[in-house]
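What follows is a short report on a single structure.
The values are calculated or read from the model by the stated rules, or taken from the named source; none is laboratory data. Just so it is clear, the structure is predicted and the values come from calculations on it, not from any experiment. Note that each Cβ is placed from the backbone with ideal geometry, even for glycine, and that neighbours are counted across all protein chains shown.
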Amino acid sequence: MANYPTPDLVTALAPDASSLKAGRGLASPGKWTLAAGNEVALWGLMQGSGKDPYQVQVLADGTATKCSCPSRKFPCKHAIGLLFIAAEQPGKLAASPPLAWVEEWLASRAEKAAKAETKAADAAAAPKAPVDEKAQAKRREKRSGRIADGISFLQQWLGDLTKQGFADAPLSGHDFWETPARRMVDAQAPGLARMVRLAGQAAARGPSSHPVLMDQLGRLHLLLSAATQGDALDPDLRAEVEQLLGWTVPQETVLAGPDVFDHWFTAARTLEEEDRLITSITWLWGAASQRWAQWIQSAPVQQPIFTTLPLGRWVQGGLAFYPGKEPLRALWKTAFTSTEPPPGGLILESTDTLLERSAATLGLNSWRTQLPFCLRAVTTRSGGQDWLMDETGHALPLRGSTALTQLMSAVDGGRPVPVCGLWNGREAIPLAMAAEEDWLSLTGGRTA
Amino acid sequence: MNPDALTTLMLLGTNRLKTPPAAPSPVLEGAWAALDWSQPETAALAACALTAAATSAGFTGRCDLALPEPSDPETRPVAPAATGAILRHLLSGEMPECLPEWLECCAAGGWVAAPRDLPALLVKATQERPLRPLIAAVLGERGAWLARQTSQVDLIAPPADPDDSVWETGTLTERLAWFKSTRQTDPARAAAALATAWPQESGETRAGFLTVIGNAPHPAELPLLESAIKDRKREVRLLARTALMALPQSTWSQRAFARALPLLKIEGILLTKHLVLHLPEAFDAQWKEDGLEEKVPAGSKGLGPRAWWAIQLLACVPLSLWADHFQMDFARLLTLNKDAASKDVILTGWLESAVTGPEPASAEALATYLSDFEKWPATSPAAIPGFLKLLHVLPDETAARLVEAAEAGVLSSIAPGQLFAASTFPVPTAAAPRWFAALLPRLQNPVYSLFQTPTVRQLARRLPLAFIPEALAQLARESTLTSTSETFTRALEFRLQLHQSFTTKQTANERE
């Protein structure tokens, strides 16, 4: 029998609760004109509102899907429904040979993979195409100038706000934050625009969020100060600052660097939609390197095509990290493959180790506000606050709705279990936890 | 760390700065000293950056909390993974009608629900009281622990025998529970307690206690019932009548027999034999004492006072009285009720009697007689609700046969599918083939859907599991399916999948 994902893995693949519900609704073979599968792929025909049925194709392990429906969700409800059938009633899948369009899709995937490998090999072997370095430098200089202007403006604006004080500033006004944010977009510094908007969101929550607002403004000020130091900065720190401002590092540059080949544990996955762009973030932990990686995939909402790694599984492959201080963001340099857990498996931290790691990271990179973790911990409640407590009895404040913390309590049963999430310096944000013999996503499609 | 001074500065603005704020913590004093307050805005923002980093980097968490008391180990296995997936479908709102079925299967198999499903099950228990016992049966040790943690233990605790004090001080629910429990162990004591409290109780409360008594009264309750038959609240009087009809030794029943017997006579011979109704001439004041009403209820068109009194007198005696009195099978007696002027009055009285003091054999004869609806008495309430009341007192198999017969008869043209939709009994296996054969044309009604989607799913829920494969095969043989039939098919498939998930061995893939 093919190694189809379990129902929990399918649940974890769903982009949000509504897609999951709709997908579950389609998890009945009777609803499909055709639902079939083999060792490699699943495919099906589902009659939609149009004349022709939707053609749904999924790799047998759920890591890639394609559907002719117009959904902006990924995977769409049809792919989730088909995966649920494979997970729950594999015997109901027709054993017919793949249809022509399935063969074409599989062939095109194989062809693309081969081409990518060839391209990578060629790129490594062949001399680089001549780059008009002069023009490139000119473009960079022009953008640098704009960004520098933006930085001056923002420093002035921040200074004015500080002079005036929160009490007299229209902090809850949308335009108060949006005007400088747009100015940063015009200055080609989208990273700064994002930071201004985040500060605006904190301000909108009222005076109780003033400490958070002060933290964000402080970090923004620090970034602006660092940005004005330019070449005086350490190269890694400069790379970090440039990316925070909004400079992008070409993927080729990242892939040209060294990679970290390891057994990677898929600890968590989140999906968020912003500005008609869907971003999938997969958090990976390397067993040998003992380091965390953040694999980001983005696609327009009209055509979201991602590779999805099921939670709690191990893959083997090489990740190339973006330049920066204590970088997390990485790209697959070599194709990854599913693998068995390495000897030792997942190593779980204590809260003390996490806090030490957090302090050390902040010492190197003040803007690293979210740190992934995997603790052996239990959920508990005290003083009206939920806590994530490790085996030594040390506890961190837990962020989550009552429903989420109840779910976590139900799963842990009062005993420490592996929990993955993000530590933001004030609260632990749970993203996934071990449940029985599998892993359970705690994001429910929300953003981290 | 005390960031108040800096917060105050940021709140009021550096324009109002008189003296630079002190370092909020000794560990920051070195860095704080390097801030250049001659440029107050820059210094204040840098101070914010410093405190942000220090707050995060210096976070210590709590180490004074006790580890929670863990749940006891589970004594029963967790239901197979495939069943958990089905449960999540059900809890997300798909096929909610099948949730009780899942819970029953899980409990019957000796399993408990998976921990991750427990919060949703507890929410369900909050929302749907009738499901609580079923949910409690699958929560296991972990669920009970979680309910204690979340103060939801009342939702799932089996009702304890109420303490005697609740009879004096408890809520209505608690007092009803006490009465129900006590009358099982010491009916005389329960009856005495109720009799003492009766005069002070509200009409609603009095009706509540009589509902507990239902049609299974204890002789000790007789004095109370004979007083309740004169109650000022109509609902209480009717409930008391239901109870008294089950106590033929009561003086009330004796008086009811004595009054009813002169009403009906058989006259004529052979083919001219027929039942004759002698309407009462006047309303006896004693009748009112026994719970009868003198005035015809508003809205009873074409019903005179004497006919109304006769209906009530007939309704107060069990149907078996007539079979015994005339020494004749009740079904045969029905055929003798052919006097056009009186037959509806007699039938209405008998219908009331049949649903009040259930006697399944006589009720079946009456329901069979009325199942073509052409003989439905004009003096009686609406036919379909009335017929459904009759079905409630019948065994499921009989009810299924009668629905099938009624749907094939006159209902097929005036109200097709209505009895299928409104009845609620589970269809017995033996009756399923014919019942489904009668239902299928209704599902396949080509012009419009006779049923709403929840009704279709309920219909599928009522079909016995053993018959589902056959029903699906029959549906598959149809050349086209209406959307109603498709919904019905999906519901049957879902039920089949639900049961298979409990019986199919886990595959290696599922266990992985």
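The table for this structure:
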read-out: Members of the range A:146-189 found to be assigned to a helix (DSSP H, G or I), crowded, with 20+ Cβ neighbours inside 10 Å and within 14 Å of chain B (Cβ to nearest Cβ), listed by number; value: A:I151, A:L154, A:L158, A:L161, A:T162
read-out: Single residue of the range B:221-259 satisfying the filter (small (G, A, S) and not in a helix (DSSP H, G or I)) that is surrounded by the fewest Cβ atoms within 10 Å (Cβ to Cβ); value: B:A246
read-out: Helices (runs of 4 or more DSSP H) within the range B:403-443 that include 2 or more residues charged (D, E, K, R) and over 22 Å from the mean Cα position of the chain (by Cα); value: B:432-443
read-out: Verdict on B:L35 being touching a helix residue (DSSP H, G or I) at 6+ places or on another chain (Cβ under 8 Å), at the interface with another protein chain (Cβ under 8 Å from one of its Cβ atoms), of a type outside the set (G, A, S) and farther than 30 Å from A:A86 by Cα; value: no
read-out: Any hit, the range B:481-491, residues being in contact (Cβ under 8 Å) with a residue 40 or more places away in the chain and either over 14 Å from B:E97 (Cβ atoms) or away from chain A (no Cβ under 14 Å) (or both); value: yes
read-out: Criterion (more than 14 Å from chain B (Cβ to nearest Cβ) and either part of a helix (DSSP H, G or I) or touching a residue at least 12 places away in the same chain (Cβ under 8 Å) (or both)) met by exactly one of A:A203, A:A193, A:A199; value: A:A193
read-out: Test for B:A46: is it in contact (Cβ under 8 Å) with a residue 12 or more places away in the chain and within 7 Å of another protein chain (Cβ to nearest Cβ); value: no
read-out: Considering residues of the range B:125-174 that are small (G, A, S) and within 21 Å of B:E104 (Cβ to Cβ) only, the residue modelled with the lowest pLDDT; value: B:A157
read-out: Residues (exposed (fewer than 12 other Cβ atoms within 10 Å of the Cβ) and closer than 20 Å to A:P211 by Cβ) located in the range B:1-25; value: B:N2, B:D4
read-out: Residues located in the range B:260-298, provided they are surrounded by 10 or more Cβ atoms within 10 Å (Cβ to Cβ), charged (D, E, K, R) and closer than 22 Å to B:V236 by Cα; value: B:D284, B:K288, B:E289, B:D290, B:E293, B:E294
read-out: Residue check, A:A232 out of contact with any Cys (no Cβ under 7 Å at 6 or more places or on another chain), surrounded by fewer than 18 Cβ atoms within 10 Å (Cβ to Cβ) and away from every other protein chain (no Cβ under 14 Å); value: yes
read-out: Yes/no for B:A120 being touching a helix residue (DSSP H, G or I) at 6+ places or on another chain (Cβ under 6 Å) and either away from every other protein chain (no Cβ under 11 Å) or over 20 Å from B:Q497 (Cβ atoms) (or both); value: no
read-out: Condition check for A:D215: outside the structural domain of A:N424 (by TED's automatic domain parsing), surrounded by fewer than 21 Cβ atoms within 10 Å (Cβ to Cβ) and at negative phi; value: no
read-out: Boolean, A:L237 is within 14 Å of chain B (Cβ to nearest Cβ) and either under 28 Å from the mean Cα position of the chain (by Cα) or hydroxyl-bearing (S, T, Y) (or both); value: no
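Results for (1) in a loop (DSSP other than H, G, I, E, B); (2) under 24 Å from A:R219 (Cβ atoms), shown as yes or no for each residue.
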site: A:S338; (1), (2): no, no
site: A:P342; (1), (2): yes, no
site: A:L354; (1), (2): no, yes
site: A:R357; (1), (2): no, yes
site: A:P372; (1), (2): no, yes
site: A:R376; (1), (2): no, no
